[in-house]
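What follows is a single structure, written as C-alpha cells, with notes after it.
The values are calculated or read from the model by the stated rules, or taken from the named source; none is laboratory data. Remember, predicted model here, so these are calculated numbers, not experimental data. Because the Cβ atoms are built from the backbone with ideal geometry, glycine has one as well, and the counts that use them run over all protein chains shown. The accessibility values were calculated without ligands, DNA or RNA, using every heavy atom of the protein model including side chains. Shrake-Rupley method; radii C 1.70, N 1.55, O 1.52, S 1.80 Å.
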Amino acid sequence: MNTAASGRDLPDGPNAATERARRIADRLDGLIARESARTGRAPTYRELAERINTLAGRDVISKDTIRNLHHGVNQKGQLPNPTVDTLDWLGRGFGIRAGAAYFVDEAKAAAVDEQLDRLEKIGGLKQALGNSEVVSLVQRASGLSDSSLHVLAALADKLQQLEKDAQGGTDRPKPPHG
C-alpha cells in the first residue's frame with residue numbers, strides 16, 4: 001500500500017491536497033528552472049526519470065509521474081498522490097538529500113533553496129575568475145575607494161540589466177506547465 005507524502009505545515013481539510021500538489025509542482029518547477037539556467041536547457045521528463053532510476057539502481061519513477069507532479073494534476077484531472085519514497089528519489093535526482101521534506105516542509109525547502117542559491121553564486125564566481133577580463137577589472141578596482149566601488153557595482157548592475165533587456169531576458173521563473 002502506498003503511503004502519501006504529508007506536509008507538516010499544510011492545513012488540514014479539503015484544500016490540503018490541492019495545496020500540497022501546488023507546492024510540489026512549484027518546487028519541482030524551480031528545480032527544473034535552476035537546472036535549465038545552469039545547463040542551457042530544461043531536462044525532459046524522460047531524462048529526469050532515467051537519471052533518478054539510474055541513481056536508485058531500479059525503477060522508482062516514470063516520466064509520467066514526474067510530469068503529473070510538475071503539472072500538479074494527472075491526465076485524468078486528479079491530484080497526484082506521491083509516496084514519500086517517490087518524493088525522496090525525485091529530490092535526490094536533483095542532488096537534494098532532504099528528499100521528500102524539500103517538497104512538503106516549508107522550513108526545509110527554504111534552507112535547501114538558500115544552499116542552492118549559495119552554490120549558484122559560487123559557480124558564478126568560479127566562472128568569473130576564469131575570465132581574464134573580469135580578473136583584470138577586479139585588479140584595477142582593488143585600489144578604489146568604497147564610494148567608487150559602489151558606483152562601479154551600480155554601473156555593472158545597470159549594464160547587466162541593459163544587456164538582459166536587449167536579449168529579452170527575464171528573471172521570472174516560468175509557471176508550471178498545464
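At a 10 angstrom cut-off on C-beta neighbours, averaged per residue, how do the peptides 64-75, 30-41, 82-93 rank from highest to lowest?
Details: 64-75: 19.2, 30-41: 14.5, 82-93: 21.3.
Ranked by mean Cβ neighbours within 10 Å, highest first: 82-93, 64-75, 30-41.
Counting only heavy atoms of protein chains, what accessible area per residue, in Å², does the range 11-52 have with a probe of 1.4 Å?
55
Rounded to two decimals, what is the ratio between the C-alpha radius of gyration of the range 43-151 and 2.2 N^0.38 Å?
Values: Rg = 20.6 Å, N = 109, 2.2 N^0.38 = 13.1 Å.
Relative to the 2.2 N^0.38 Å estimate, the range 43-151 comes out at 1.57.
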